[in-house]
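Peer 1: Got a structure here, written out as structure tokens. Questions coming.
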């Protein structure tokens, strides 16, 4: 190939671009086992921690994100220049960043998130808002959780908005999708986790739960609209309420999960330091 000859950009009609665009649909992601990763940071994390098949980039973005392009080529990933119109088709944002990757989905069986030594797992149940799903992945990663299990009828964490909201954390910890909530609870109890449910009328206040939080813990979080179903909350080992001392009526899902997961991480880190004599 003549190095001086410019590479013709792929258009929105190019078969590889057409195939990638179909991954906006959940059915196509399930069929192919692949999903779209959009933006500089997310693509960089995918290249580091996932199997990536293609990187599509506009000519301008290739210059802006030269390090990402170089990393893809170093790993033997096919990098293709696309037109601005093709980049818009590959994106589900108002202002496309101009770089999109096609990667294998990252979800694993529930047993893989409950490996020996795991001590903290987030279990959102029936979460429907992709932004919240991605935020929960990001929070779980930030506090050092060992995995996150999307149980019941939850949104696909490979949804474009969920991937962006995770800010790359989707590639940092085991992510599980399991529609059978009973199977999730059985796996948690079988692996020795204490299962805690967040409820507004829990019998234990979070401030008084340090002894519980020091144990291997799985937190159940309900959906944005309805919280945890009463029968599911009843199956947890304990129900925990977050004290609200101001005038706020309640906390949203992401905020409540952040408080609970951080509380567990804080207690477990303190227990580990005490055990190690430091």
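Peer 1: How much of the calculated P(r) for the stretch 110-275 lies past 21 Å, in percent of all Cα pairs?
Peer 2: On the way: 5556 of 13695 pairs.
Taking all Cα-Cα pairs of the stretch 110-275, the fraction more than 21 Å apart is 41 percent.
Peer 1: Moving on. Would you calculate a helix-derived [θ] at 222 nm for the chain, using -39,500 (n - 2.57) for each DSSP H run of n ≥ 4 and dividing by the full residue count, to the nearest 500?
Peer 2: -11500 deg cm²/dmol
Peer 1: Over the stretch 110-275, calculate the relative contact order: mean separation of alpha carbon pairs under 8 Å at least 6 apart, over the residue count, as a percent.
Peer 2: Relative contact order of the stretch 110-275: 27 percent.
Peer 1: Which one of 81, 95, 217 has the biggest mean-square fluctuation once the chain is modelled by GNM with Cα springs under 10 Å?
Peer 2: Of 81, 95, 217, the most mobile in the Gaussian network model is 95.
Peer 1: Let me ask something else. Stretched out fully, how many nm does the piece from residue 179 to residue 53 gain, at 0.36 nm a residue minus the Cα gap?
Peer 2: Extending this stretch completely gives an extra 42.6 nm.
Peer 1: Next question. Taking every alpha carbon pair in the stretch 15-104, what does the distance histogram look like in 5 angstrom bins from 0, in percent?
Peer 2: The calculated distribution, bin by bin, is 3, 16, 29, 27, 18, 6, 1.
Peer 1: Just to confirm my numbers, what's the Cα centroid distance between the stretch 213-278 and the stretch 94-156 in Å?
Peer 2: 17 Å
Peer 1: On a 0 to 90° scale, report how tilted helix 253-275 is relative to the longest principal axis of the chain, with both axes built from alpha carbons and the result rounded to the nearest 10.
Peer 2: 70 degrees
Peer 1: To continue, here is another question. What FRET efficiency comes out for the pair residue 189/residue 19, r = Cβ-Cβ distance, R0 = 45 Å, nearest 0.05?
Peer 2: Numbers: r = 42 Å, r/R0 = 0.93.
Efficiency, from the Cβ-Cβ distance: 0.60.
Peer 1: To the nearest 10 degrees, how steep is helix 181-190 against the longest Cα principal axis of the chain, on a 0 to 90 scale?
Peer 2: Once rounded, one gets 60 degrees.
Peer 1: Would you mind calculating the gained length between residue 204 and residue 255 on full extension (0.36 nm times residue separation, minus the Cα-Cα distance), in nm to one decimal? Kindly include the intermediate steps, with their values, before the conclusion.
Peer 2: Numbers: separation 51, 0.36 × 51 = 18.36 nm, distance 1.87 nm.
Gain in length upon complete extension: 16.5 nm.
Bear in mind these aren't lab numbers, they're just calculated from the coordinates by the rules spelled out. For clarity, every value in this text was computed on a predicted model and none was experimentally measured. Reconstructed Cβ throughout: ideal geometry from the backbone, glycine too, with neighbour counts over all protein chains shown.
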